[in-house]
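The structure appears below as structure tokens.
The values are calculated or read from the model by the stated rules, or taken from the named source; none is laboratory data. Please read these numbers as outputs of a predicted model, since none were measured by experiment. All Cβ positions, glycine included, derive from the backbone under ideal geometry; neighbour counts span all protein chains shown.
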Amino acid sequence: MKLNDLRQFEQFSQLSDEQLIMLNASMKSKRCQKAGEIILPLGFQSDIEFFLLQGSISLTAEDGQKQIIKADSQEARLSIARLRPCLYEVRSESAAQLLVISGALLTNEVRASIEALNESNHFSKPAEHFHKCLKSALEQGKFTLPSLPSVALKVREVLEQDEPELEDLERILNKDPSMTAKLVAAANSSFYRRNTSCKTCAEAIMRLGLDTTSQLVMLFSLRQLFKAKHPWVKQRMTQTWSQSVSVAAIAQLLTLHHSHLSGDQALLLGLVHNLGELAILLFIDQETEVDPEEMEKILEELMPEAGAMLLNYWNFDPELTESVRQQNNWQADSSSDTATLADLVKVARLHSRIGTEDQYRFPRLDEVPAFRKLAVQGLTPEFSLILVEDAADQLAETRAMFGL
């Protein structure tokens, strides 16, 4: 099989020519001569992956829901019905051809490729060029990173005192009615709600706690820092905010089933994980010409480094900053036996991409060490998906809280 034919599939696209040539000997072809032939029965257990080369197939779940996948479509970039035992009955919808390979063998090669790339810490040529331009602009004062809003700085100053006073915090926040309203809404959200509703700033602070109040004030303030004039940049910033809120809501939800992790910290890391994109977009907004397709690749590649740079500039916790820096290192495995917040947010990021057009650019849940650590504590792919589906109301609530 030609290497270019293989590179249409996401897992293979991450491999070198040498890896593809070595794997070629282990690949087999499965042909269906007509519609209705069973390719994978419901409950199939064997560690084999199928990739659709030609024709179309159907995936039918146990409850009867059916999905059609055609060759060369976005859905066909991924292997078919990967989870084991198989959650679907897979049949041909027409004459079809599929590529068959050992799942373990392919996963090992993908992991080796990603680890090699991470160890080299090498940017692509376009990203490297853009990175140099950004650093040069910062060093020459042609571009300045945004400073934290004054209300967030004042709240931080209060909390840095040996014995912070709730009254001081309340006095600062009451000068900003919009901020107070957002904090009250947060305190009354499903994650923090008690038997009674909060009505005042003081009640909200008491329920949320000083640290959480400080974090939320900072997060609510961030959006005003990133304003753009260029239409594409403005639209892309909105997408970035929306993505961060989705990741944050899912991460916070998952902590309910992993009590050793803080829901507040998960929310914070989820909301700042892609701040690097916003910093880069702010820089791009100064440019007169933008190539959206090229910038999408650069944004994803440079997001972790730019995010860590911004959080360092704002004197964020070094551990949180390092989590942001390592977020695209999907195969990273911390020394901790239990899942960390960084693991949780990686899993939340993957969840947030399920069903989207760019899902194929990200690894599967069961391919990353972060998910396997959560799985040790009882989080299966099926249960994980159910949790997120049940979180629609909480996600909508979090979106509203952050003005989306």
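Assorted remarks:
- Single residue of the range 33-56 satisfying the filter (in contact with a Leu (Cβ under 8 Å, 6 or more places away or on another chain) and among the hydrophobic types (A, V, I, L, M, F, W, C)) that is nearest to residue 85 (Cα to Cα): 42
- Taken over the range 53-62, residues that are exposed (fewer than 11 other Cβ atoms within 10 Å of the Cβ) and either polar (S, T, N, Q) or at pLDDT 95 or above (or both) amount to 0.
- Filter result (more than 26 Å from residue 33 (Cβ to Cβ) and within 23 Å of the chain's Cα centre (by Cα)) within the range 62-105: 74, 83
- Residue 35 loosely packed, with under 14 Cβ neighbours inside 10 Å and among the hydrophobic types (A, V, I, L, M, F, W, C): no
- Of the helices (runs of 4 or more DSSP H) entirely within the range 316-400, those holding at least 3 residues that are at pLDDT 80 or above and in the same structural domain as residue 260 (by TED's automatic domain parsing) occupy 318-325, 341-353, 369-376.
- Sole residue being surrounded by 13 or more Cβ atoms within 10 Å (Cβ to Cβ) and part of a helix (DSSP H, G or I), chosen from 169, 83: 169
- Positions within the range 181-237 being assigned to a helix (DSSP H, G or I), among the small types (Gly, Ala, Ser) and touching a residue at least 40 places away in the same chain (Cβ under 8 Å), in sequence order: 185, 186, 214, 221
- Positions within the range 5-33 being over 16 Å from residue 73 (Cα atoms), of a type in the set (S, T, N, Q) and in a helix (DSSP H, G or I), in sequence order: 19, 24
- Candidate set: the range 301-331, residues that are in contact (Cβ under 8 Å) with a residue 40 or more places away in the chain and under 22 Å from residue 136 (Cα atoms); chosen: the one surrounded by the most Cβ atoms within 10 Å (Cβ to Cβ): 306
- Yes/no for residue 105 being in a helix (DSSP H, G or I), surrounded by fewer than 17 Cβ atoms within 10 Å (Cβ to Cβ) and modelled with pLDDT of 85 or more: yes
- When 19, 65 are checked against the criterion of being surrounded by 15 or more Cβ atoms within 10 Å (Cβ to Cβ), modelled with pLDDT under 90 and not charged (D, E, K, R), a single residue qualifies: 19.
- When residues of the range 197-233 are limited to those that are among the charged types (D, E, K, R) and closer than 26 Å to residue 314 by Cα, the one surrounded by the most Cβ atoms within 10 Å (Cβ to Cβ): 223
- Qualifying positions in the range 262-297 - surrounded by fewer than 16 Cβ atoms within 10 Å (Cβ to Cβ), touching a residue at least 60 places away in the same chain (Cβ under 8 Å) and assigned to a helix (DSSP H, G or I): 292, 294, 297
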